[in-house]
1. Which ones in the range 199-242 are in contact with a Ser or Thr (Cβ under 6 Å, 6 or more places away or on another chain) and open to solvent by less than 40 Å² (accessible area, probe 1.4 Å)?
2. Only one residue in T49, T67, T113, T22 is at negative phi, of a type in the set (S, T, N, Q), in contact (Cβ under 8 Å) with a residue 24 or more places away in the chain and open to solvent by less than 40 Å² (accessible area, probe 1.4 Å), so which one is that?
3. Can you confirm whether T80 is touching a Gly at 6+ places or on another chain (Cβ under 9 Å) and more than 16 Å from the ligand (Cβ to nearest atom)?
4. Please go through the range 257-275 and give me each residue that is in a helix (DSSP H, G or I) and without any contact (Cβ under 8 Å) to a residue 12 or more places away in the chain, ordered by number.
5. Can you name the condition, by its number, that S58 falls short on among (1) at negative phi; (2) free of Cβ contacts under 8 Å to residues at least 12 places away in the same chain; (3) surrounded by fewer than 18 Cβ atoms within 10 Å (Cβ to Cβ)?
6. Going through the range 70-85 one residue at a time, which ones are open to solvent by 20 Å² or more (accessible area, probe 1.4 Å) and either touching a strand residue (DSSP E or B) at 6+ places or on another chain (Cβ under 9 Å) or not assigned by TED's automatic domain parsing to the domain that holds Y121 (or both)?
7. Determine whether A107 is of a type in the set (A, V, I, L, M, F, W, C), buried (at least 16 other Cβ atoms within 10 Å of the Cβ) and away from the ligand (no atom under 16 Å from the Cβ).
8. Considering the range 1-19 alone, what residues qualify as being touching a residue at least 12 places away in the same chain (Cβ under 8 Å) and under 18 Å from E122 (Cβ atoms)?
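The values are calculated or read from the model by the stated rules, or taken from the named source; none is laboratory data. Please read these numbers as outputs of a predicted model, since none were measured by experiment. Glycine also receives a Cβ, built like all others from the backbone with ideal geometry; neighbour counts cover every protein chain displayed. Only protein heavy atoms, including side chains, enter the accessible area calculation; ligands, DNA and RNA are left aside. Shrake-Rupley method; radii C 1.70, N 1.55, O 1.52, S 1.80 Å.
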Amino acid sequence: MNTQLFQKDFISTQDWSVDDLTTMLEVALRLKADFAMGVPQDLILRAKTLYMLFFEESTRTRNSFETGITQLGGHGVYLTPKATQIGHGENARDTGIVLSSYGNAIAVRDCRTDIGQKYLYEMAQHAQVPIYSMQDDVDHPCQAMADLMTLVELFGWNLRGRKFVISWTYAPKYVRPLSVPQSLVMLMPRFGMDVTLAYPKGYHMMPNVMETAYKNAEIAGVKLEETNDMDAAFEDADFLYPKSWGPIMVTEDEPEVEAMAAQHADWRVTQKRMDLAKKHAVYMHCMPIDRGHEADDEVIDGPQSIIYKQAENRLHVQKALMALTMGGRW
Ligand code: CP
């Protein structure tokens, strides 16, 4: 266990070693067990403040971070550009320096393409406290860690040889960022899983992310494959993570996005498709799900679905992240 994580930023899982990430999971599992037993945790981050800056909306991320810091004895402050001078153009540097002179960590959600993650790293360069990504245009590290924690709980620590499938699914309107599939394709090979990424033409990831993912797979000695065939991807899978994302590398123009997506309305998760996978295969999703389009309700609400466990574990991995980087050693 590496406990030397005090003051460390968490903008991408790539910035943390496998040992560091394993520590986060171990602490998360411990905090979750203690929480279930009613063990008080409010001395861990007593009187510490987390600023949570959201450029976009959130249900899970905002509430799990805010609840988490409260349970650890601290306080969360919800910020938006409109509620701050960011809306009038104050930059990441000035915002980061000022907020870090008051509190103990700053978490940011900024999914603006080609802006979001750069904003976070810019803030991290100047702020005196840890900076966390609550999702950006490139990565959603807390989501990916909650997903990994859920698999560890259900299947154990040894995930080597398991087939993890990330698949595009149809959703008619909302242009979702690439950050969830990208966070998964970079992280899961590092924990021994063979990863298959399935998407229709035009829905590919950022080239530098795939370069990182292939490098991670090579180092870990696992397979990473891309396909345009959803059924072939599902065959013999252990873990299925089908979700929609936008054709960000091609266009973000809404009418074009809608027209492109409409050609692939058959990229939907049905029980028949689930049956192509192994018997014990699980259905995963970061939520929100576009019900009626991405997957049938019988799958979403069926016995193979672990979506609510994933959402629940957001609380515990983020508490572990905060405890290790805001608390810990002085
Ligand atoms: N999965 C996730 O990040 O959900 P929210 O957008 O509701 O935070």
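1. Narrowing the range 199-242 to residues in contact with a Ser or Thr (Cβ under 6 Å, 6 or more places away or on another chain): 225, 230, 233, 242.
Residues satisfying the conditions are M230, A233, P242.
2. After applying the criteria, what remains is T49.
3. no
4. Result: A259, K272.
5. S58 satisfies all of (1) at negative phi; (2) free of Cβ contacts under 8 Å to residues at least 12 places away in the same chain; (3) surrounded by fewer than 18 Cβ atoms within 10 Å (Cβ to Cβ) except (2).
6. Across the range 70-85, the qualifying residues are T70, H75, V77, Y78, L79, T80, P81, T84.
7. No: the conditions fail for A107.
8. Once the filter is applied, which keeps residues that are touching a residue at least 12 places away in the same chain (Cβ under 8 Å) and under 18 Å from E122 (Cβ atoms), the range 1-19 yields Q7, K8, D9, F10, I11, S12, Q14.
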